[in-house]
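Asker: Below are the structure tokens for one structure; questions will follow.
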Amino acid sequence: MQDRVAVVTGANRGIGAEVTRQLRENGIRVITTSREPLDGFATLDVTRADHIDALARRVKADGGLDALVNNAGVSLDGFDADVARRTLAVNLFGAMHVTDALLPSMRPGARIVMVSSGMGELSGVRGEERARIADPELTREGLLALVESFVRDVAAGTHARRGWPSNAYSVSKIAMNALVRVLARELAADPRGILVNAENPGWVRTRMGGRSAPRSVEDGARTAVWLATLPEGGPSGGFFRDEQAIPW
Ligand code: NAP
């Protein structure tokens, strides 16, 4: 039988390192990636097109991919249009561009996992913008236009009036969850049967989560690994915590 192969972004520490460990425990070969060059890791800054291209070439030459875990993420200090742009560049566009680049090499039955957050719950947005994001017919173009309007509204100081939270991380994860639904619809007609879902790891003890977080990296990684190894006929376009579907 062919080796199962996975790519994990931001695998050098925190939840990504633990996802890698658990995938390997499941007998899956993991191509670990890290933003900075490190021994044993493919260098992947998810905001760098050249890094993404190099990884896609490697995966293709390697014979294909069975799982992608988009785990790399940032939670930046402060809140202004620049913070919003830089946060979206990693948490939303990074995950989107890596997924798009690796999709052609995905084998039948491949799984895509987005490590999202409780901050990605729709309740973070109010009014018309919320209705637009939650629209089951939302397209990729529509989603991109919405996040661009968020950044413009932050720059203009009108974001709160329009229903956006004053939190770039939250908007990036809400948009990531919307992307999961868009991708699930885009992939529904793909004969490879690829499933794409988002995980809420809960509040986890990592550099991002801090020491007082109640959950271990093992807890935070488990559902991502479960989603990365879902059997045929599993869910797609969903949001999960502790292996249970949760409302978005
Ligand atoms: P972490 O320890 O801070 O790890 C973040 C990882 O993302 C690091 O490997 C980091 O690389 C990488 N990264 C950041 N920017 C990147 C870029 N441009 N390109 C590639 N990699 C990049 O945090 P964590 O808690 O494990 O977070 C992992 C994921 O879980 C994130 O998506 C986060 O939003 C999500 N999450 C965490 C919690 C929590 O409580 N910890 C809760 C909800 C969701 P460097 O080492 O080079 O910085």
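A short reminder: the numbers here are calculations on the coordinates, not readings from a lab. Values in this document were obtained by computation on a predicted structure and should not be read as measured data. Glycine gets a Cβ as well: all are built from the backbone with ideal geometry, and neighbour counts include every protein chain shown.
Asker: So for the chain: antiparallel DSSP bridges make up what percent, rounded to the nearest 5?
Answerer: Once the DSSP bridges in the chain are tallied, antiparallel ones form about 10 percent.
Asker: Taking the Cα centre of the chain as origin, sum charge times position over the Cβ atoms of Lys and Arg (+1) and Asp and Glu (-1), and report the length of that vector in debye to the nearest 20.
Answerer: Once rounded to the nearest 20, the dipole reads 240 debye.
Asker: Under 5 Å between amide hydrogens, which residues at least 5 positions from V196 or on another chain qualify, with H placed 1.01 Å from N in the peptide plane?
Answerer: I112, G237
Asker: Restricting attention to the alpha-carbon atoms of the range 118-248, what are Rg (one decimal) and Dmax (integer), both in Å?
Answerer: So, for the range 118-248, Rg and Dmax equal 15.9, 47 Å respectively.
Asker: A further question on this structure: What are the semi-axes of the equivalent ellipsoid for the range 53-118, taken as the square roots of 5 times the Cα gyration tensor eigenvalues, largest first, in whole Å?
Answerer: Output for the range 53-118: semi-axes of 28, 13, 8 Å.
Asker: So for the pair A188, L122, with labels modelled 7 Å out along Cα→Cβ, what separation do we get in nm?
Answerer: Inter-label distance under the simple model: 1.6 nm.
Asker: Tell me, what ³J(HN,Hα) does each residue in the range 111-124 have, in order and in whole Hz, if you take phi through Karplus 6.51 cos²θ - 1.76 cosθ + 1.60 with θ = phi - 60° and put x for Gly and Pro?
Answerer: 10, 10, 10, 10, 7, 9, 6, x, 6, x, 5, 4, 4, x
Asker: Moving on to the next point. Looking only at Cα atoms, what is the convex hull volume of the chain per residue, in Å³?
Answerer: Looking at the chain, the number lands at 122 Å³ per residue.
Asker: For the range 1-95, what ratio Rg/Rh do Cα atoms give with a Kirkwood hydrodynamic radius?
Answerer: 1.01
Asker: Here's another thing I want to ask about it. Sum -39500 (n - 2.57) across every DSSP H segment of at least 4 residues in the chain, then divide by the residue count to get the 222 nm mean residue ellipticity, nearest 500.
Answerer: -12500 deg cm²/dmol
Asker: Against the longest alpha carbon principal axis of the chain, how many degrees, from 0 to 90 and to the nearest 10, is the axis of helix 168-187 turned?
Answerer: That helix lies at roughly 60 degrees to the long axis.
Asker: Next up: What is the distance in Å between the Cα centres of the range 123-187 and the range 51-120?
Answerer: Taking the Cα centre of each part, the range 123-187 and the range 51-120 sit 18 Å apart.
Asker: Could I ask something else about it? Ordered by packing density, taken as the mean number of other Cβ atoms within 10 Å over each peptide's residues, highest first, how do 206-214, 70-78 rank?
Answerer: 70-78, 206-214
Asker: Also, quick follow-up: Across 10 Å bins from the origin, how do the percents of Cα pairs in the range 132-189 run, short distances first?
Answerer: 23, 52, 21, 4, 0
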